[in-house]
Structure formats: C-alpha cells, structure tokens
1. Could you tell me the calculated FRET efficiency between residue 15 and residue 290, based on Cβ-Cβ distance and R0 = 30 angstrom, to the nearest 0.05?
2. Exposure proxy check: 69, 386 ranked by fewest other beta carbons within 10 Å?
3. If eta is 1.567 mPa s and T is 4 °C, what Stokes-Einstein diffusion coefficient results for region 235-381, Kirkwood Rh from Cα pairs, in µm²/s?
4. Can you give the FRET efficiency for residue 251 and residue 229, using 1/(1 + (r/R0)^6), R0 = 22 Å, r = Cβ-Cβ distance, to the nearest 0.05?
5. Rank the residues 423, 431 as a footprinting-exposure proxy: fewest other Cβ atoms within 10 Å of their Cβ go first.
6. Could you calculate the FRET efficiency of residue 73 with residue 386 from 1/(1 + (r/R0)^6), where r is the beta carbon distance between them and R0 is 45 Å, rounded to 0.05?
7. Taking the Cα atoms of the chain, report the difference between the largest and smallest coordinate on each principal axis, in whole Å and largest first.
8. Quote the convex hull volume per residue of region 317-410, based on C-alpha atoms, as a whole number of Å³.
C-alpha cells in the first residue's frame, strides 16, 4: 500500500519566504550588496582573503524543510536548506531517491542547484538540477516568482551561485530505490581498458551507479553499483573503515542505500589523508565524532583558512573539472605526466545539451554528450614555480571543458566571458535582479590572491 504524501503546513513555508522578501527589500533600499546566510557550513573551498561573503546577510537559515513527497507522481518538494541527508531519509521511506544524490550529507538542495552537484547516477540523469521541474525564487526587488523547466530563466539559475535570485523552494523528480546497493569493483591496469569499460557501462546502462577511483596510472577501479533487495552482509564506512581504500581491496561489497549515497562523507572523499592520524582506527574511535565527516572537516578547514592567509600559503587543490569524453584521454595523459596526484574521483556525466549559461561559441567544443568529471581533492600546491590550481584551469579550458567555480579561480574577465554567456547572463540579471542587489557572477569569483 502506497503511503500518502508527506506534507507540512504550506502557510509556514509562505511565512518564512515572506520574511526573506522583507529582508531583500530592506537590503535593496539600503543599497546592498548582500550575501546569503544559509546556516551550517558552506561547500565553497575555503580561501585566504575570501570576498565571497561580503555585504549584508540575508538570513535563509529557517528554510530547511522537506515540504512534500508525492510517491504517485514521484516528486519531492523541499526548501533550499534541506540537506540531502534529510531528503534521502525522507524519500527512502517511500522506496524512492532523487535522480542524483550528491555525495556529502550536508550538501543542500539549494547548493546542488546553484552549484553543479552530480554523482554516480549522473551518467544517466545529468546533474541534480536536470531532475528539477520547478523553482520558487525571490528576486532582487524582493518578489516571489515561480520558474518552470520550460523557462530559460529556470535553466540560468543552475550555475548562478546565488547571483541572479534567491532559491526558496525546489521541486524535483524521484526514482525507485531498493534497500541495498551491491558494489562490483573492476580493476584495470591501463587507462585505455578503464575508459573503454566506463564508456560501455554508460552506453548499456546495465548498472544503476557508475563512477571510478583512480589510485594510480596503472590502478584504475571502475565502481559499479546496483540496487538489490537483500544483502548477505553490509559494510559500514562511518567509523574505523575507510571507503576509498576498500575499492583497492575488495571485488564486491554491499551497503545500505543510504550509506552508499554518502559513502564518501566520512573522509570528505579522502581529505582525512591530509592529516594521517585521522585514518588510524584507534584515533577514529577516540575523536572521530569531532573530526570525521564532511561537516566537521569543512568546518575545520574554514577555521584554518585565515591562518593560511596570514602565512601566505596556497590552499591545497580541491576542484572538479568537466572534460569532454573525447578529450579525456588527452587530459589523463597530461595529468599523469604533470601532476601524478592520486586518487582521482572520476564520474561520467550525461549532458543533455550545453546549458544556456555556457557561451555558444565555447559550447561548440562540447561535441560529446558525455562529460567526465575529474575531481582533484587535496593536491599539495607549494611549488614556487607552478600553481597547480591555475594549471588545471588552463588545461581544462584548452580541452573545451568547464570547471566549477567553488574553488580558486584565476580567470581574467575576458577569459571568463569566453566560457560563460555574458549576453544571456546579463539578460537574466536584468529580469531577476535589475537593481544589482546580488553579486556579478565574475566579481563574486574573481581572483583575489
């Protein structure tokens, strides 16, 4: 028997959004600029002299609720501050999941839309935003507005990082899920066989989940997951065991579906490796509750950010790069030769078509409908002669790729608007934020070091 939709009082949501509208109108009257205070930790990479949170704060910290789940229509409605840990917990009770569940428990619905969240179902469904059907936003003048998927403004909100409007409600699609995920790990000794296997799995769609962990140029692991009803045994990677290491040791594994969704959360992928004792079993038992998990690790990174600025040390490289599949071989050969930092997280991403915020001339290089997200997490960046963050940005541009903006950025204004569509962004800005209350997209992420 199907459970009825889970709902809360819509009047309460309306009251919370009305409060946001009042704040925005007050900030507009005062002359801005503003930044958004969402509560909790944010998932921007901490930077010295970070200017992304300058200006008056608009408090969104009350917008954290899962509002409705409709099992019949396979839809969920949530506020932007609802975390995916809460969303997954709520939807799994109905045997459903979002089409794409970002890998860290504290990522929010709003963050997944405004940024570029993906995961191992992205080879089939694209990014989280590609499964969204409606956004409620508050515009620069402080008005509520609904945007549907047929509206180009809807498409422009993704990737805008809060520079066009404030997201206050998200409606998104769900897919059937089972209680467990069976993992199969296929090991490859060379890039060519790994890439061929990845492409074939994406083409045939014979697994529910596809991603990879590259432990070295001759140790490439394709991680394949499938929903199952039962498991002979269930692994947990929330205390002493380390998930990314298990992919080197096991041929198969079983996790609960919720634990699969957040299998990278305890280590924040493998950032615990930058503090080696955090991978020691006895240390994890003793202090893990305070240090392990993405929320703890990001919070500690934020606290250390000002210290890094004072000692003028470059932050470690933490960045996601989207490379056209046809140029993945070129990128990997260059990366193995030049950086040689492992592991890498590799996630195939189905691109329905280039998004409207991508410059139309630049988009002509994206001839593949499959992009490969290459995630570089924790690369030391201390060489005086080379800034690896800048080199990765340059190589991605050379190959016709896109990088996320939540990390360090080095673009000149001219290069930035070669990649992003200034005409469309300006048109959307004129429609949603005519007074310029929110930051300019380039200025929000411009180089500051």
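All of the numbers you see were taken from the coordinates with simple rules; none came from a lab. Predicted, not measured: the structure shown is a model, and the values here were computed from it. Cβ placement follows ideal geometry from the backbone for every residue including glycine, while neighbour counts extend to all protein chains displayed.
1. Once the sixth-power term is evaluated, E becomes 0.25.
2. In increasing order of surrounding Cβ atoms, one gets 386, 69.
3. It diffuses with D of about 73 µm²/s by this estimate.
4. 0.55
5. 423, 431
6. Calculated value: 0.30.
7. Sorted largest first, the three principal extents are 63, 60, 48 Å.
8. Taking only Cα atoms, region 317-410 has a hull volume of 97 Å³ per residue.
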